[in-house]
Amino acid sequence: MGLLTNLRESISGLFSESEPKRIGIYGPPNAGKTTLANRIARDWTGDAVGPESHIPHETRRARRKENVEIERNGKTVTIDIVDTPGVTTKVDYKEFLDHDMEKNDAVKRSREATEGVAEAMHWLREDVEGVIYVLDSTTDPFTQVNTMLIGIIESQDLPVLIFANKTDLEESDVKRIADAFPQHETVPLSALEGENMDEVYAKIAEYFG
Amino acid sequence: MPEATTPEDGDDGVRIDLISGARMEGLASMEKIRLILDSVRDGDIVVLEEGLSPEEESRLIEVTMTEISPDDFTGIEIETYPKPDSGGGSFLGRIMGKDETAKKLTVIGPANQIQTLHKDENLITALVSRK
């Protein structure tokens with residue numbers, strides 16, 4: 001039995017190079033991470049990953065979409081997409097009351113949100129092999145959460161692509177994001193409208209293939 | 001901070017702990033996080049002379065999340081100077097061994113009491129309110 005197990009592990013080790021890489025989609029709340037995850041999953045598998053909302057912390061559990069095959073320039077890349085809750089250092093249930101939520105529901109949502117952020121940090125340290133960092137290009141990227149998360153990703157030597165999302169909005173400023181993180185490649189896109197997805201897929205294939 | 005004196009009851013000032021790099025150096029990661037969060041949960045502002053490593057920052061976020069509770073503790077506000085080149089340093093720096101902490105002054109406080117008004121590479125301006 002032990003021999004068989006060892007043999008199986010040895011054989012699987014031989015093929016580990018071809019196993020899909022787990023690519024985490026990270027970023028602050030409301031950057032459009034789930035919209036992007038759904039766009040990628042729908043384009044290549046036909047299914048969605050999870051519900052989208054303008055209310056912060058809609059995603060409160062990390063969700064994995066396995067075996068997403070992306071074809072670009074004659075090359076096929078297979079990845080698992082891990083859509084993660086938006087990372088923050090604070091969660092106050094009162095902010096949900098502004099979205100017409102009852103107190104009990106707001107408290108429950110905030111508790112789930114804190115669990116989700118903790119889960120996302122754990123995935124980042126232990127379980128992802130590459131990161132797509134999504135930012136809302138209409139907002140200031142010089143926040144402490146962004147600085148810390150990019151620092152954490154860099155300290156783990158994970159390949160990272162920065163996606164400047166929401167380019168369909170008038171206030172979008174992609175250059176501000178590129179200037180904030182000049183050491184990484186910034187790709188503009190609108191996950192909602194599907195703008196510039198060709199370049200998005202080309203970069204995913206290049207970085208995570 | 002066992003050496004510090006405790007304000008008298010009724011004193012509604014804001015306490016600031018300035019923690020030297022030497023004091024943090026001898027602590028394990030979880031001891032550092034505990035030291036920070038215990039102070040912050042008491043409504044104090046913590047200023048670290050040398051900051052935390054990325055791994056410790058990651059764990060600080062994770063532990064903070066587990067301690068948030070409605071109407072009591074809503075989390076932390078944390079600020080450091082942005083690194084001039086946050087790209088993990090130069091090639092030479094990387095082969096010589098990265099200094100992950102990068103000795104960056106770090107300010108941490110309760111999210112409901114500290115608000116960052118301005119931050120650039122040389123200046124952090126924060127507004128601190130009483131509990």
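Would you please classify the overall shape of region A:113-209 from the alpha carbon gyration tensor, given that a ≥ b ≥ c denote the square roots of the eigenvalues, rounded means a/c under 1.5, and beyond that prolate means a/b larger than b/c while oblate covers the rest? The shape class here is prolate. Taking packing as the residue-averaged number of other Cβ atoms within 10 angstrom, the listed peptides B:21-28, B:45-52 run from highest to lowest as B:45-52, B:21-28. Secondary structure note: in the protein assembly as shown, about 50% of the DSSP beta bridges are antiparallel. A Förster radius of 41 Å combined with the Cβ-Cβ distance from A:D157 to B:I16 puts the calculated FRET efficiency at roughly 0.70. 3J(HN,Hα) along region B:26-32: x, 9, 6, 3, 5, 5, 4 Hz, from the Karplus curve 6.51 cos²θ - 1.76 cosθ + 1.60 with θ = phi - 60°, whole Hz, x for Gly and Pro. GNM remark for chain A: springs join alpha carbons under 10 Å apart, and the peak mean-square fluctuation among A:A113, A:A48, A:A31 falls on A:A48. Computed extension gain for A:E206 through A:D47, at 0.36 nm per residue and net of the alpha carbon distance, reaches 54.9 nm. With respect to chain A, whose longest principal axis is taken over its alpha-carbon atoms, helix A:197-208 is tilted by about 50°.
When chain A is treated as a Gaussian network with alpha carbon springs shorter than 10 Å, the biggest mean-square fluctuation among A:I81, A:I153, A:I162 belongs to A:I153.
Separation of the alpha carbons by more than 23 angstrom is noted, of A:K94/A:K175; A:K33/A:K175; A:K21/A:K108; A:K21/A:K65, for A:K94/A:K175; A:K21/A:K108.
The long axis of helix A:2-14 is offset from the longest Cα principal axis of chain A by roughly 70 degrees. Shape class of the protein assembly as shown from the alpha-carbon gyration tensor: prolate, with a/c at 1.5 or above and a/b greater than b/c.
Values quoted throughout were computed directly from the atomic coordinates according to the rules given, and no laboratory measurement underlies them. Remember, predicted model here, so these are calculated numbers, not experimental data. All Cβ positions, even for glycine, are placed from backbone atoms using ideal geometry, and neighbour counts span all protein chains on display.
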